[in-house]
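The values are calculated or read from the model by the stated rules, or taken from the named source; none is laboratory data. Values in this document were obtained by computation on a predicted structure and should not be read as measured data. Positions of Cβ are backbone-derived with ideal geometry, glycine not excepted, and every protein chain shown enters the neighbour counts.
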Amino acid sequence: MMNHPLLPKLRQLRLSGILLTLENRAAQATEAQLSPTEFLALLLDDELERRSQTRFGRALAESGIEAGKTLAQFDFSAVPQLNRTLIHELATAAFVARAENILLSGPTGTGKSHLAHALAFEALKHGHSVFVRPAQRLLTDLHAARADGSYGRRFTKLCSVEVLVLDDVGLRPLAAQASEDLYEIIQERYERRPVILTSNRALHEWPEMFSDSLLASAALDRLTHHSQTVVITGQSYRQRGRAAPLEEGQHG
């Protein structure tokens, strides 16, 4: 294909990807007796699909969604009490247009992060921009951005991205500045763009995440006003994985 006579012209037009399917499409056009216009339409459809896949791959790489954390790979049997109907409704990404937050709460290792990444992946498939980060890392990076002059740009991105996922909120106590930054993000996104938030703290413990009780009250009021709350209970996946060999050893 690198020696194909059309390559220089296709490169100039930024259509060199057409060569990937040109021969197959030409054979198909001959066999089906397609008109020149129909043949051209097939080639253009291929090019549009390639570009769409390239855009999706780039958006996925930039999103922070972890590989393998999809709904297809989520073990629903491990959390039978989970409302699967609700999860699949959320996977339609209709919550984005409604600016409806998704709050996932439960013990460590019960699949909250997996679900958050999976729902973000579904939103990305529906054409929405997505940004996923552990909450502590995001707030630390935002604080550091004040020193290098990139704070405004970073904050604007966090407020403008269509779906923002804050993973493991409250895993560590939030410093005063981090509490203020988290409040500002929630405030700016309120009724505009949704937040998917995961925490291993029970809902009544969420005010303790913030260093300031007034900030906590204002932030949680906005987070929960338009939201779907999913509380997951059960044993950690990792703990179940550790327990199995011990039980086998006891019986051996």
Restricting attention to the stretch 100-116, the residues that are surrounded by fewer than 20 Cβ atoms within 10 Å (Cβ to Cβ) and among the hydrophobic types (A, V, I, L, M, F, W, C) number exactly 0
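Out of the helices (runs of 4 or more DSSP H) lying entirely within the stretch 1-83, which hold 1 or more residues that are of a type in the set (Val, Ile, Thr)? Spell out how you get there, then give the answer.
Numbers: elements: 7-12, 19-32, 36-63.
Passing ranges, in order: 19-32, 36-63.
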Cβ pairs under 6 Å, 6+ apart, first in the stretch 21-50 and modelled with pLDDT under 90, second of a type in the set (Asp, Glu) and in a helix (DSSP H, G or I): Thr21/Asp46
Scanning the stretch 19-50 for residues that are within 30 Å of Val130 (Cα to Cα) and in contact with a helix residue (DSSP H, G or I) (Cβ under 8 Å, 6 or more places away or on another chain), which turns out surrounded by the fewest Cβ atoms within 10 Å (Cβ to Cβ)? Arg50
Determine which member of the set Ala218, Ala178 is surrounded by 15 or more Cβ atoms within 10 Å (Cβ to Cβ) and more than 24 Å from Val130 (Cα to Cα). Ala218
Please work out which residue is nearest to Ile232 (Cα to Cα), limiting yourself to the stretch 74-85 and to residues that are in contact (Cβ under 8 Å) with a residue 24 or more places away in the chain and not aliphatic (A, V, I, L, M). Gln81
Take the conditions more than 23 Å from Val231 (Cβ to Cβ), part of a loop (DSSP other than H, G, I, E, B) and either out of contact with any His (no Cβ under 8 Å at 6 or more places or on another chain) or not assigned by TED's automatic domain parsing to the domain that holds Ser129 (or both) and apply them to Gly109. Does it pass? no
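Among the residues of the stretch 180-195, is any at pLDDT below 90 and over 21 Å from Gly111 (Cβ atoms)? It would help to see each step written out before you state the result.
Filtering the stretch 180-195 for residues at pLDDT below 90 gives none.
No, the conditions are met nowhere in the stretch 180-195.
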State yes or no: is Thr156 surrounded by 22 or more Cβ atoms within 10 Å (Cβ to Cβ) and either closer than 20 Å to Ile65 by Cα or in the same structural domain as Ser227 (by TED's automatic domain parsing) (or both)? no
Filter result (over 14 Å from Glu180 (Cα atoms) and in contact with a helix residue (DSSP H, G or I) (Cβ under 6 Å, 6 or more places away or on another chain)) within the stretch 132-147: Val132, Ala145
